[in-house]
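S.K.: I have a structure I would like to understand better, so I am pasting it below and will then ask my questions one at a time.
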Ligand SMILES: C[S@@+](CC[C@H](N)C(=O)[O-])C[C@H]1O[C@@H](n2cnc3c(N)ncnc32)[C@H](O)[C@@H]1O
């Protein structure tokens, strides 16, 4: 880690009692509650500085791992992760033994993924296409009873666009489409900008959904 990053971290450390995460207090508590329930494996898309990864690893039962995927590289104007910061913060506030960072884009990492998971936290690129691809490509790995958490997915028409407090169009549209079209998922709770679903059955191969070119 370079000196500048070190100074930024030390400055943040003085002001923060936990790793920086783009999550509300209630969302942090929710993340902890669901992390405690994981038995098979947890997967996170979108690490940033390791704030959410710290919480998840802190509460995961022992012996259970979090795979945390982020390209950790600048991608146009979009906010991007920092592996040095994430490692530092997970060491300090989470449990570094329970995490495997994957430096890649979620849509590439999924091509070689084979393991079942029972916790999937989607908080990567927030465009509709990327959120939809994350849901469609990763949710088949969720076992029955597994949890799907989608951040920034409660945008309402009344939100002030400048704050984005409750979410963005992409993840919000994906959540609405899951509620409408994916009977294998039930909504367990919706808190601030987070929606939590549980997979209650596996999807039958012949199950058809709305116009798949337009929606999920
Ligand atoms: C909103 S931030 C994640 C915040 C983090 N979960 C937290 O609460 O502390 C979004 C992250 O997604 C990452 N990202 C963007 N596109 C991605 C992709 N296709 N796959 C995985 N991560 C991606 C960015 O690099 C950025 O770090």
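The values are calculated or read from the model by the stated rules, or taken from the named source; none is laboratory data. Please read all numbers here as calculations on a predicted model, not as lab measurements. Here Cβ is always computed from backbone atoms with ideal geometry, including for glycine, and neighbour counts include all displayed protein chains.
S.K.: Counting only residues that are loosely packed, with under 15 Cβ neighbours inside 10 Å and within 17 Å of residue 79 (Cβ to Cβ), how many does region 107-145 have?
M.R.: Selection size over region 107-145: 1.
S.K.: Moving to a separate point now. If you scan region 17-28, which residues turn out to be within 12 Å of the ligand (Cβ to nearest atom), more than 18 Å from residue 80 (Cα to Cα) and in a loop (DSSP other than H, G, I, E, B)?
M.R.: Residues of region 17-28 within 12 Å of the ligand (Cβ to nearest atom): 18-24, 27-28.
Among the residues that remain, those that are also more than 18 Å from residue 80 (Cα to Cα) are: 18, 24, 27-28.
18, 24 - these are the residues of region 17-28 that are within 12 Å of the ligand (Cβ to nearest atom), more than 18 Å from residue 80 (Cα to Cα) and in a loop (DSSP other than H, G, I, E, B).
S.K.: Quick check on this structure: which one of 124, 81 is over 30 Å from residue 186 (Cβ atoms) and outside any strand (DSSP E or B)?
M.R.: Values: 124 fails: over 30 Å from residue 186 (Cβ atoms).
Result: 81 is the single residue among 124, 81 that is over 30 Å from residue 186 (Cβ atoms) and outside any strand (DSSP E or B).
Rundown of residues vs (1) buried (at least 17 other Cβ atoms within 10 Å of the Cβ); (2) modelled with pLDDT of 95 or more; (3) under 18 Å from the mean Cα position of the chain (by Cα), yes/no style:
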{"site": "4", "(1), (2), (3)": "no, no, no"}
{"site": "7", "(1), (2), (3)": "no, no, no"}
{"site": "10", "(1), (2), (3)": "no, no, no"}
{"site": "23", "(1), (2), (3)": "yes, no, yes"}
{"site": "34", "(1), (2), (3)": "yes, yes, yes"}
{"site": "43", "(1), (2), (3)": "yes, yes, yes"}
{"site": "105", "(1), (2), (3)": "yes, yes, yes"}
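S.K.: When you check residue 187 against the structure, is it under 17 Å from the mean Cα position of the chain (by Cα), surrounded by fewer than 21 Cβ atoms within 10 Å (Cβ to Cβ) and either at pLDDT 95 or above or assigned to a strand (DSSP E or B) (or both), yes or no?
M.R.: Values: under 17 Å from the mean Cα position of the chain (by Cα): yes; surrounded by fewer than 21 Cβ atoms within 10 Å (Cβ to Cβ): yes; either at pLDDT 95 or above or assigned to a strand (DSSP E or B) (or both): yes.
Spelling it out, residue 187 is indeed under 17 Å from the mean Cα position of the chain (by Cα), surrounded by fewer than 21 Cβ atoms within 10 Å (Cβ to Cβ) and either at pLDDT 95 or above or assigned to a strand (DSSP E or B) (or both).
S.K.: Report yes if residue 170 is closer than 27 Å to residue 50 by Cβ, in a loop (DSSP other than H, G, I, E, B) and within 15 Å of the ligand (Cβ to nearest atom), otherwise no. So that I can check it myself, show each step before the final result.
M.R.: Numbers: closer than 27 Å to residue 50 by Cβ: yes; in a loop (DSSP other than H, G, I, E, B): no; within 15 Å of the ligand (Cβ to nearest atom): yes.
No; evaluated as a whole, the condition is false for this residue.
S.K.: Return the total of residues in region 107-132 being within 18 Å of residue 203 (Cβ to Cβ) and either in contact (Cβ under 8 Å) with a residue 40 or more places away in the chain or within 8 Å of the ligand (Cβ to nearest atom) (or both).
M.R.: Total meeting the criteria: 6.
S.K.: Does region 68-78 hold any residues that are near the ligand (Cβ under 7 Å from one of its atoms) and part of a loop (DSSP other than H, G, I, E, B), and which are they?
M.R.: Initially, region 68-78 is screened for residues near the ligand (Cβ under 7 Å from one of its atoms), giving 69-72, 75, 78.
If the condition is that a residue be near the ligand (Cβ under 7 Å from one of its atoms) and part of a loop (DSSP other than H, G, I, E, B), then 71, 72 are the ones that fit.
S.K.: What number of residues in region 29-67 are within 9 Å of the ligand (Cβ to nearest atom) and part of a helix (DSSP H, G or I)? Show your work before the answer.
M.R.: As a first pass, look at region 29-67 and keep what is within 9 Å of the ligand (Cβ to nearest atom): 31, 44-55.
Those left that are additionally part of a helix (DSSP H, G or I): 31, 51-55.
The total comes to 6.
S.K.: Collect the residues in region 85-106 that are within 13 Å of the ligand (Cβ to nearest atom) and part of a helix (DSSP H, G or I), keeping them in residue-number order.
M.R.: Scanning region 85-106 gives 85, 86, 89, 90, 93, 106.
S.K.: For region 193-205, give me the residue count where each residue is touching a helix residue (DSSP H, G or I) at 6+ places or on another chain (Cβ under 9 Å) and buried (at least 17 other Cβ atoms within 10 Å of the Cβ).
M.R.: 6
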